[in-house]
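Student: Before anything else, here's the structure in question.
The values are calculated or read from the model by the stated rules, or taken from the named source; none is laboratory data. Here the structure is a predicted model, which is why all the values come from computation and not from measurement. Reconstructed Cβ throughout: ideal geometry from the backbone, glycine too, with neighbour counts over all protein chains shown. Note: areas computed on protein heavy atoms with side chains; ligands, DNA, RNA excluded. Shrake-Rupley method; radii C 1.70, N 1.55, O 1.52, S 1.80 Å.
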Amino acid sequence: MVRVVVSGDRSSTYGGLFTGHVALEMLHATDSDDEPDTAHVHFSDGAVTNWHSHPGGQLIYVAAGRGRVGTDADGTVLLEPGTLVVAPPDERHWHGAAPGGDCTLLCVTWGTTCWTDEAPDLGD
């Protein structure tokens, strides 16, 4: 049966896992690591996640604004609207808004997020 989601759960808090202001709306949370969670995430000007990874990987779609993602191997990569980022399983990364404006991302995640330390000083 088709499930239509008009608005997601905004009751979850992720305090201390972001730098800057972030509003996360969980559109579809699953009970199994075999199925992805889907979140609509609004990052205010320059806000980013802490470093983290996902056991099954993550898809990050830039719905609006300019974003950025960082990995140990690639450093910081700027993202334009309409860009899709494919983070492989267990790859440590961070993501959020580029300096100078807000950004909205659609994040599809497999498995429980493994949070680590804050993103590096990004020198906006």
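Student: Would you please list the contacts, defined by Cβ atoms under 6 Å and residues six or more apart or on different chains, that run from a residue in segment 74-94 that is touching a residue at least 40 places away in the same chain (Cβ under 8 Å) to a residue that is of a type in the set (Ser, Thr, Tyr) and not in a loop (DSSP other than H, G, I, E, B)?
Tutor: Filtered contacts from segment 74-94: ARG92/SER53; HIS93/THR71; TRP94/THR49.
Student: Another one. Give me a count of the residues in segment 27-50 that are open to solvent by less than 40 Å² (accessible area, probe 1.4 Å), more than 14 Å from THR112 (Cα to Cα) and touching a Ser or Thr at 6+ places or on another chain (Cβ under 9 Å).
Tutor: 7
Student: Another question, then. Output the number of residues of segment 80-114 satisfying the condition of being surrounded by 14 or more Cβ atoms within 10 Å (Cβ to Cβ) and closer than 28 Å to ASP34 by Cβ.
Tutor: 18
Student: Can you find a residue that is over 13 Å from the mean Cα position of the chain (by Cα) and not in a strand (DSSP E or B) anywhere in segment 46-53?
Tutor: Yes, segment 46-53 contains at least one residue that is over 13 Å from the mean Cα position of the chain (by Cα) and not in a strand (DSSP E or B).
Condition check ((1) modelled with pLDDT of 95 or more; (2) of a type in the set (Val, Ile, Thr); (3) touching a Cys at 6+ places or on another chain (Cβ under 7 Å); (4) on the phi < 0 side of the Ramachandran plot) across all residues:
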position	(1), (2), (3), (4)
TYR14	no, no, no, yes
PHE18	no, no, no, yes
HIS21	no, no, no, yes
LEU24	no, no, no, yes
ALA29	no, no, no, yes
ASP34	no, no, no, yes
ALA39	no, no, yes, yes
GLY46	no, no, no, no
ILE60	yes, yes, yes, yes
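Student: Right, next: Is there any pair with a first residue in segment 34-60 that is under 14 Å from LEU17 (Cβ atoms) and a second that is among the acidic types (Asp, Glu) and open to solvent by less than 10 Å² (accessible area, probe 1.4 Å) whose Cβ atoms are under 7 Å apart and which are 6 or more apart or on different chains, and what are they?
Tutor: none
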